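Q: The following block contains the structure, expressed as structure tokens.
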2 protein chains.
Amino acid sequence: MPSTHTEFSFRTAHDCGSARVGWFTTPHGEVETPAFMPVATHGVVRGLSMEEVRAAGGQMLLANAYHLYLRPGDMMIRALGGLHAFTRWNGPMLTDSGGFQVFSLAKLRTVTEEGVTFRSHLDGSMHEYTPEHVMRIERNIGADVIMQLDELIAGQAEFADSCAAMERSLRWLDRCRVEFDRIGREGRAPTADHLGADDLAPPPQTLFPIVQGGIHAELRRASARGILERGDWAGVAIGGLSVGEAKPDLHAMLEVCDAELPRRVPRYLMGVGFPDDLIEGVRRGIDLFDCVAPTRMGRDGTVFTPDGKVQVRKSSHRTDRRPLVEGCDCACCAQYDRAYLRHLFASDEMLGLRLVALHNVAFLNGIMRDARRALVAGEFATWSADWLARYRG
Amino acid sequence: MPSTHTEFSFRTAHDCGSARVGWFTTPHGEVETPAFMPVATHGVVRGLSMEEVRAAGGQMLLANAYHLYLRPGDMMIRALGGLHAFTRWNGPMLTDSGGFQVFSLAKLRTVTEEGVTFRSHLDGSMHEYTPEHVMRIERNIGADVIMQLDELIAGQAEFADSCAAMERSLRWLDRCRVEFDRIGREGRAPTADHLGADDLAPPPQTLFPIVQGGIHAELRRASARGILERGDWAGVAIGGLSVGEAKPDLHAMLEVCDAELPRRVPRYLMGVGFPDDLIEGVRRGIDLFDCVAPTRMGRDGTVFTPDGKVQVRKSSHRTDRRPLVEGCDCACCAQYDRAYLRHLFASDEMLGLRLVALHNVAFLNGIMRDARRALVAGEFATWSADWLARYRG
């Protein structure tokens, strides 16, 4: 067990089926789960200040190692004191390895057993992403939780392709873990850019493995077992879902993972989701989520409400004095009405984007808070059924 | 004297030459002058929430009748409770007539003695802007201070053109005043769009005349005298400056106006300015300013500092852990450093624009606050000389 695990712990209570309340302790504080992690791809939740994210109920942020490696550079972030000091987010943080971005954004991609070579989507420069390199990057960036490099394939890939990628991801996990531990023992490489006093010792971090296997139950099981055979983890992620598969397939895979994964560690469902996806995930034992939807949709004027999505640009809102959601305690709903928000969008005023993104982030955080309350009160089954019926009704 | 003047008053103290501290009372509260008015063209200070503007020291906002007339419409704003209710800014507000926008943005403009006809820059629709129509629009929008319609010409126009426009602006002032008073007595026109209970009585407002005359001292004097002959005003604006003329010309015109205008009313210098322009204006007896510079430049990454302008995008800021301005108490400087702000701009993250705009607004408000303090302390002459020397040094 890597020594850094002592900085991370998880306890749970109030189980209702697979759902539970949890407390995930990290070097930067505790996360009450189930929790949604707002996405700060470039070290910023798009459009929002860190104070706003905190006030909107954000507990733990996700940043992206691919983007930060390319700009401003992992060495630069390290020289500036690490991701927390750089962004002024003092709470828990996680970096995704950027594997997804390498497979979706980068150009001229070549995947071998060694790793991935690709051209930057920013300037066309060539880069190599190996498990070892990714660990060095994520160790430099310095988030609390760092993700392994895994191989991504199309969401609905055939069994053979899914199997090969899943098995390679396990081999890459081994290499990630070796390099993660080596850096923990031997320290990080000295920086070459003379940015001042250098701290060779990485901060306490933990490495999360990622269950892969597409929509094939047998592969998901094999992946989970392979991960658990490799030792102890402070948390386990489930990847490669919410990439186009049908909802029943997503739910089936979550149920397979739920049965395989130990309940003593948090389970993190990557890239999910929408309001109903969060509740379906909690029901199936998921503790952590992340998704760009609240900010991306917010920029388009799409608003999460308990009755489904609402488009604030619609002309019917021209004279609508109601907040986006009655009773919502977010800074947008506390202050502004739909008529004004629609005007901001019609006038291309960025405050509109900000306010709807803020509402959407607060809304997802609010669902998770309400789910925790319902679990504590022993009312989760009813609460979640009612919530989903209203949202989908 | 229109009855609404009783809702407006101005008292001054701590004179230093032409400079003074003032308190401008409006139906929505008091403005301590000299004061910079952040510009909320579409009813929003670009990128900033009203809470942020307030926290950055904003006292009185300026919105634009041309833009709001076109979108969402003055009748719509009235139906939504007026500009204060619409925008959630509870403090004093002013609307510019939009004359400047008609002369700079609108297409196929035709100016006659009756008024201006033009095509909307948004959808090409035809509109007519007469003094009477502008009064109806500004009465519907409902700001505390509303500006007359004036005729704008090129900043460096010849004497004859400047004279003709100045004289027409006086005739339009007469028509504005007649219509302003008529609406005060008879009420506003009923709305046609059935948006609910209608309030025919306009809120208490006051009409500011605008001194014109280009860079011709004789015309400025004639304009000021023409305005004052027409009766009593709760404040007087100076327009048509900071449109390309040389700084000495600007300063000379301010000195001419300073000598002509009564000291018992606030003087508002329209469209000015930059940090040094504010101080030069205060020295010459100006009490109120507005300018889009802090937000427009902020969007480009240009930062106001006591040592002049700084471009936050510069690569020298990559590793700069300093705030934009040491000791600045704005929300940007209190929290974020230049390295992070540069990263936000490099990554096209709108939080960067927001934060620099916020800093710039706070910076101009801070200059005005410091000017007031220096006046109260009897140190304005030294303070302003030192401030300008450092800024320009």
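Q: Looking at segment A:126-165, which of the residues that are under 28 Å from residue A:93 (Cα atoms) and of a type in the set (Gly, Ala, Ser) is most open to solvent (accessible area, probe 1.4 Å)?
A: Going through the qualifying residues, I end up with A:154.
Q: Let me confirm something: among B:342, B:373, B:338, which residue is surrounded by fewer than 24 Cβ atoms within 10 Å (Cβ to Cβ), farther than 30 Å from residue A:63 by Cα and either of a type in the set (D, E, K, R) or within 14 Å of chain A (Cβ to nearest Cβ) (or both)? Give the derivation first.
A: Working: B:342 fails: farther than 30 Å from residue A:63 by Cα; B:338 fails: farther than 30 Å from residue A:63 by Cα.
After applying the criteria, what remains is B:373.
Q: Next question. Name every residue in segment A:119-136 that is in a loop (DSSP other than H, G, I, E, B) and not polar (S, T, N, Q), in order of residue number. Reasoning before the result, please.
A: So the first thing to find is which residues in segment A:119-136 are in a loop (DSSP other than H, G, I, E, B), and the list is A:120-125, A:130.
Within segment A:119-136, A:121, A:122, A:123, A:124 meet the criteria.
Q: Oh, and also: Among the numbered criteria (1) surrounded by 15 or more Cβ atoms within 10 Å (Cβ to Cβ); (2) within 24 Å of the chain's Cα centre (by Cα), which one does residue B:191 miss?
A: (2)
Q: Moving on to the next point. Quick one: in segment B:64-79, which of the residues that are surrounded by 23 or more Cβ atoms within 10 Å (Cβ to Cβ) and facing chain A (nearest Cβ under 8 Å) is farthest from residue B:365 (Cα to Cα)?
A: That would be B:79.
Q: Something else about it: Working only within segment A:266-305, note down all residues that are among the hydrophobic types (A, V, I, L, M, F, W, C), under 16 Å from residue A:389 (Cα atoms) and open to solvent by 10 Å² or more (accessible area, probe 1.4 Å).
A: Hit for segment A:266-305 is A:274, nothing else.
Q: Moving on to the next point. Which number in (1) in a helix (DSSP H, G or I); (2) at pLDDT 95 or above; (3) more than 24 Å from residue A:331 (Cα to Cα) marks the one condition that residue A:72 misses?
A: (1)
Q: On to the next question. Given the criterion part of a loop (DSSP other than H, G, I, E, B) and touching a residue at least 40 places away in the same chain (Cβ under 8 Å), identify the matching residue among A:327, A:378.
A: Working: A:327 fails: touching a residue at least 40 places away in the same chain (Cβ under 8 Å).
One residue alone meets the criteria, A:378.
Q: Which condition number does residue A:169 fail, the rest of (1) open to solvent by less than 30 Å² (accessible area, probe 1.4 Å); (2) over 24 Å from residue A:289 (Cβ atoms) being met?
A: It is condition (2) that residue A:169 fails.
Q: Within segment B:313-335, take every residue that is farther than 14 Å from residue A:80 by Cα and within 8 Å of another protein chain (Cβ to nearest Cβ) and give me the one that is nearest to the chain's Cα centre (by Cα).
A: B:331
Q: Looking at segment B:29-63, which of its residues are surrounded by fewer than 23 Cβ atoms within 10 Å (Cβ to Cβ), within 12 Å of another protein chain (Cβ to nearest Cβ) and more than 17 Å from residue B:366 (Cβ to Cβ)?
A: Across segment B:29-63, the qualifying residues are B:41, B:42, B:49, B:50, B:51.
Q: Please go through segment A:216-257 and give me each residue that is among the hydroxyl-bearing types (Ser, Thr, Tyr) and open to solvent by 10 Å² or more (accessible area, probe 1.4 Å), ordered by number. Quick ask: steps written out before the conclusion?
A: Start the filter on segment A:216-257 by keeping residues that are among the hydroxyl-bearing types (Ser, Thr, Tyr), which leaves A:223, A:242.
Residue satisfying the conditions is A:242 alone.
Q: Same structure, new question: Looking at segment B:290-312, can you tell me whether even one residue there is at the interface with another protein chain (Cβ under 8 Å from one of its Cβ atoms) and either closer than 22 Å to residue B:38 by Cα or touching a Cys at 6+ places or on another chain (Cβ under 6 Å) (or both)?
A: Looking only at segment B:290-312, we keep the residues that are at the interface with another protein chain (Cβ under 8 Å from one of its Cβ atoms), and these are none.
Scanning segment B:290-312 turns up no residue that is at the interface with another protein chain (Cβ under 8 Å from one of its Cβ atoms) and either closer than 22 Å to residue B:38 by Cα or touching a Cys at 6+ places or on another chain (Cβ under 6 Å) (or both).
Q: Which numbered condition trips up residue B:354, out of (1) within 14 Å of chain A (Cβ to nearest Cβ); (2) of a type in the set (Lys, Arg); (3) open to solvent by 10 Å² or more (accessible area, probe 1.4 Å)?
A: Among (1) within 14 Å of chain A (Cβ to nearest Cβ); (2) of a type in the set (Lys, Arg); (3) open to solvent by 10 Å² or more (accessible area, probe 1.4 Å), the lone unmet condition for residue B:354 is (3).
Q: Looking at (1) closer than 15 Å to residue A:299 by Cα; (2) open to solvent by 20 Å² or more (accessible area, probe 1.4 Å), which is the only condition residue A:329 fails?
A: (1)
Q: Only one of these conditions is not met by residue B:24: (1) within 11 Å of chain A (Cβ to nearest Cβ); (2) crowded, with 20+ Cβ neighbours inside 10 Å. Which number is it?
A: It is condition (1) that residue B:24 fails.
The values are calculated or read from the model by the stated rules, or taken from the named source; none is laboratory data. The shown structure was predicted, so the numbers you read here are calculated from the model rather than taken from an experiment. All Cβ positions, glycine included, derive from the backbone under ideal geometry; neighbour counts span all protein chains shown. Surface areas here come from the heavy atoms of the whole protein model, side chains and all, with no ligands, DNA or RNA. Shrake-Rupley method; radii C 1.70, N 1.55, O 1.52, S 1.80 Å.
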